[in-house]
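Colleague: I have a structure I would like to understand better, so I am pasting it below and will then ask my questions one at a time.
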Amino acid sequence: MGMLRLTPETRVPMCCTASEYTVSMYAKWLIALLCLSLGATDVVKEADPKVLTAIVSFLASDALEGRDTPSTGLTVAGEYIASEFRRSGIRPVVDGTYFQDAHAVVRRVVREGFELSFRDGEKTLNVGLEKALWNAGPKLELTNAAVRKLAFADLKDFSAASVEPVVLLSGPVTGAGGALQLINGLAAKGAKLIVLLGIPAPLAQVGLEFDGKSDSGPVLFRTTEGGVEEFLKAAGPLTATVKLAEASRKAETVRNVVGLLPGSDPKLRDEYLVVSAHYDHLGTRAHEAGDNIYNGANDDASGTASMIETAHLLAGMKPRRSILFVAFFGEEKGLLGSKYFAEHPVVPLWRIVADLNLEQTGRTDSSEGPNIGMANLTGYDFTDIHSYLEAAGKSTGLKIVKNERLSDPYFMASDNAALAAAGIPATTLSVTYAYPDYHQRGDHWDKIDYLNMAKVTQTVAQGVLLMADAPEPMRWNPDSDRVKGYRLAAEKLRQMK
Ligand SMILES: [Zn+2]
């Protein structure tokens, strides 16, 4: 593993001389001590829990309607993030603006003309429209088509060359990553419609296409209508008749929000660190009664607020490398914004030394028990980024920990994955992984632990500063077989210089 190295010949630490800190003698002494222990890197100010409360409560307010991609709520959230960059003096980087426009063709499900029925010998079951959900795809018309029953657990070793056009796929889902890829893999074998039974895979009722590329997976379908699942599970050989209209198509623009803090070192300023978070969430579910807004306070208004505040904390400082602060669209629809960013980088990709992505930095009530005074990293040992955050955590009093069970599986679960695939050392920092209200309507802003979040945010800012000032760029773990593919991608990236 790479060690954290800080050179002794660096500039005088601002924290030891600045007068902007109105602190007690004891705190001054403590800061001086930290300056020594951190080498030459400055000590970042504390983050303000009230500022974090303000940012999260706005982004997660009902007025923004769950920040779906695309939606008016998302557009407003993007404008707000840009205005926060202006407050902090973070510079625009794309043609004088904070917005990286991505022109998309947006597909939406057309519900008119729906028909789905199953026939078991003499018995016919008509599936109702009201509780039916499917993803935006091509027109589908099948009459008395053959139906195959499969369990998710069978997919891993499913070697048949072809499969029936309609598949009934039953849960539970086993294993942490790649479930959707396994399911979508059935399309290559001929599946046109996959009916999910007890599998909570996201159904993209809105699909986005960029650069003329369309994702051609099978149509996934689910219904919560009473009796359907029981009928299908108990039925003998089945045939299915299906009529789904082609999804509508419309040109729309979605945006990554990007701000720049230029580096101060003449040599290192051409290298960039990315601090990122996704600002989208799941939107609303019009067919659900009552509160149907998915506010996404912890996921990921919290990470977005931590990113905004990290930018604010670092704006007055002089990091040696440049730092890009990025809010991604479309994470919830399959890392769309980060993939777009990696395919249309605003600075040459090979100049980006690392991505620290922020997710779920607010709540401490993890489903595994309270997570106070600590933060997790995904793919903990994949890169040496953890060593910078550990050092930062020592100065702020936050433990940076590896969740042995979830650290690696969650590596592919957020936007860091899109940059990692391009070869950039990347990780996601979170306080909790699973928590009550995850992807539910109750993910509200008043359930966040803002005192803890302030400490996490200060630690992030301190860790980012350490990375920005480090003499060597961040790197993939040279001793781990698990990151071989990423090391190869990094090698390719270096050849682009
Ligand atoms: Zn998220």
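The values are calculated or read from the model by the stated rules, or taken from the named source; none is laboratory data. For clarity, every value in this text was computed on a predicted model and none was experimentally measured. Virtual Cβ from ideal backbone geometry, glycine too; neighbours counted across all protein chains shown. Please note that ligands, DNA and RNA were not included when accessible areas were found on the heavy atoms of the full protein model with its side chains. Shrake-Rupley method; radii C 1.70, N 1.55, O 1.52, S 1.80 Å.
Colleague: Can you tell me, using C-alpha contacts under 8 Å and at least 6 residues apart, the relative contact order of the chain as a whole percent?
Modeller: Numbers: 1079 pairs, mean separation 100.8, N = 497.
For the chain, the relative contact order is 20 percent.
Colleague: Hey, what angle do you get for helix 303-315 against the long axis of the chain, alpha-carbon based, 0 to 90 degrees rounded to 10?
Modeller: 20 degrees
Colleague: Let me ask something else about it. Which lysines have a Cα lying under 19 Å from the Cα of Lys131, excluding residues fewer than 8 positions away in the same chain?
Modeller: Straight-line reach from Lys131, under 19 Å: Lys233, Lys243.
Colleague: Using only C-alpha positions, report the orientation-averaged shadow area of the convex hull of the range 190-303, nm², one decimal. Could you put the intermediate results ahead of the total?
Modeller: Values: hull surface 50.7 nm².
So the mean shadow area of the Cα hull is 12.7 nm².
Colleague: Another question about this same structure. Solvent-accessible area of His439, probe 1.4 Å, all protein chains present, reported in Å² to the nearest ten, please.
Modeller: Here the residue's solvent-accessible area equals roughly 50 Å².
Colleague: Sticking with this structure for a sec: Residue by residue, what Karplus-based ³J(HN,Hα) values in Hz, rounded to whole numbers, does the range 483-497 have, using 6.51, -1.76 and 1.60 with θ = phi - 60° and x for Gly and Pro?
Modeller: Ordered by residue, 3J(HN,Hα) equals 10, 3, x, 5, 5, 5, 4, 5, 4, 4, 4, 4, 5, 7, 4 Hz.
Colleague: Between 0 and 90 degrees, rounded to the nearest ten: what's the tilt of helix 179-188 against the longest Cα principal axis of the chain?
Modeller: 50 degrees
Colleague: Cα convex hull of the range 62-187: mean projected area in nm², to one decimal? Don't skip to the end; give the middle numbers.
Modeller: Details: hull surface 52.5 nm².
Dividing the Cα hull surface by four gives the mean projection, 13.1 nm².
Colleague: For the range 113-186, go through all pairs of different Cα atoms, get the mean of 1/r, take its inverse, and jot down that Kirkwood value in Å. Each step should come with its number before you reach the end.
Modeller: Values: mean 1/r = 0.0690 Å⁻¹.
Averaging 1/r across every pair of different Cα atoms and inverting gives 14.5 Å.
Colleague: Which angle between 0 and 90 degrees, to the nearest 10, do you get for helix 450-469 versus the longest principal axis of the chain when only C-alpha atoms count?
Modeller: 70 degrees
Colleague: Ok, one more. Wrap a convex hull around the Cα atoms of the range 338-497, take a quarter of its surface area, and give that in square nanometres.
Modeller: Values: hull surface 39.4 nm².
Computing the convex hull of the Cα atoms and averaging its projections yields 9.9 nm².
Colleague: When DSSP beta bridges are limited to those with both residues in the chain, what percentage is antiparallel, rounded to the nearest 5?
Modeller: Values: 48 of 80 bridges.
Within the chain, antiparallel bridges account for around 60 percent of the total.
Colleague: Taking only DSSP H segments of four or more residues, each worth -39500 (n - 2.57), what value at 222 nm results for the chain once the sum is divided by all its residues, to the nearest 500 deg cm²/dmol? Numbers along the way, then the final one.
Modeller: Numbers: 11 runs with 129 residues, N = 497.
After summing the helix terms and dividing by residue count, I get -8000 deg cm²/dmol.
Colleague: While we're here: Restricting to the range 110-246, what percent of DSSP beta bridges are antiparallel, rounded to 5? Numbers along the way, then the final one.
Modeller: Values: 18 of 31 bridges.
In the range 110-246, approximately 60 percent of DSSP beta bridges are antiparallel ones.
Colleague: Students often get this wrong, so check it: of Lys50/Lys399; Lys45/Lys318; Lys45/Lys402, which have C-alpha atoms separated by over 21 Å? Walk me through the numbers before you get to the answer.
Modeller: Working: Lys50/Lys399 23 Å; Lys45/Lys318 14 Å; Lys45/Lys402 26 Å.
With Cα atoms farther than 21 Å apart: Lys50/Lys399; Lys45/Lys402.
Colleague: Where does each of Ser214, Ser276 land when they are ordered by accessible area, with a 1.4 Å probe and the largest first?
Modeller: Details: Ser214 70, Ser276 0 Å².
Ranked list, largest accessible area first: Ser214, Ser276.
Colleague: Just to confirm my numbers, what's the Cα centroid distance between the range 342-359 and the range 393-454 in Å?
Modeller: What the calculation gives is 19 Å, centre to centre.
Colleague: Count neighbours as other Cβ atoms within 10 Å of each site's Cβ, and list the GluC sites (Glu not before Pro) in the range 341-404 that are DSSP loop with at most 14 such neighbours. Don't jump to the answer; show the numbers that get you there.
Modeller: Working: sites: Glu343, Glu359, Glu368, Glu390, Glu404; in loops: Glu359, Glu368, Glu404.
Passing both the DSSP loop test and the Cβ count: Glu368, Glu404.
Colleague: Gap in Å between the Cα centre of the range 239-308 and the Cα centre of the range 37-90?
Modeller: Between the Cα centres of the range 37-90 and the range 239-308 lies a distance of 13 Å.
Colleague: What dipole magnitude, in Debye to the nearest 20, does the chain give about its Cα centre under +1 on Lys/Arg Cβ and -1 on Asp/Glu Cβ?
Modeller: Values: 52 positive and 60 negative charges, 191 e Å.
Magnitude of the dipole: close to 920 debye.
Colleague: How much length is gained if the chain between Arg285 and Ser264 is pulled fully straight, taking 0.36 nm per residue apart and subtracting their Cα-Cα distance, in nm to one decimal?
Modeller: On the way: separation 21, 0.36 × 21 = 7.56 nm, distance 4.70 nm.
In short, 2.9 nm is gained.
Colleague: Could I ask something else about it? Let me check the size of the range 110-246 from its C-alpha atoms; what are the radius of gyration and Dmax in Å?
Modeller: 14.4, 48
Colleague: Per the Debye formula with a single identical scatterer at each Cα and no solvent contribution, what log10 I(q)/I(0) holds for the chain at q = 0.06, 0.09, 0.13 Å⁻¹?
Modeller: Log10 of I(q)/I(0), two decimals: -0.30, -0.65, -1.22.
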